[in-house]
Amino acid sequence: MVALGLVLIVVGLIAVLAALFVSEGSAELLGMDLTALTIFLVGLGAGICLLWGFVILKWGTRRSIAARKERHELRRQGGQPATPPTSPDVGP
């Protein structure tokens, strides 16, 4: 999840930087002529990618920290799970 979040952030940043620095006073992005609506939609998409990337990055980081804490706690307890697994009753 962290990798996906970082990829989305990079894609959003590339779109924003391309819109800022590639345009030379005309409605052009990466060599394509764009209408005002298209420019708005590209900006909206870049913003959504950035926001989604940060959310996924935050979620993935929380999951990995929680898993790391759980592994640490299990090691501290001697490798035994907190509750023993139950098996279904097999009998006549």
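The values are calculated or read from the model by the stated rules, or taken from the named source; none is laboratory data. The model shown is predicted, which means the values in this text are computed figures rather than measured ones. When we count neighbours, we look across all protein chains shown, and the Cβ atoms used for this are built from the backbone with ideal geometry, even at glycine.
Structure values in brief
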| quantity | calculated |
| --- | --- |
| Search result, residues across the range 72-92 that are assigned to a helix (DSSP H, G or I) and either modelled with pLDDT under 85 or surrounded by 10 or more Cβ atoms within 10 Å (Cβ to Cβ) (or both) | 72, 73, 74 |
| Set 16, 42, 11, 7: member being modelled with pLDDT of 70 or more and in contact with a Cys (Cβ under 7 Å, 6 or more places away or on another chain) | 11 |
| Identity of the residue in the range 53-71, small (Gly, Ala, Ser) and in contact with a helix residue (DSSP H, G or I) (Cβ under 6 Å, 6 or more places away or on another chain), that ends up surrounded by the fewest Cβ atoms within 10 Å (Cβ to Cβ) | 60 |
| Considering residues of the range 19-39 that are of a type in the set (S, T, N, Q) and outside any helix (DSSP H, G or I) only, the residue modelled with the highest pLDDT | 35 |
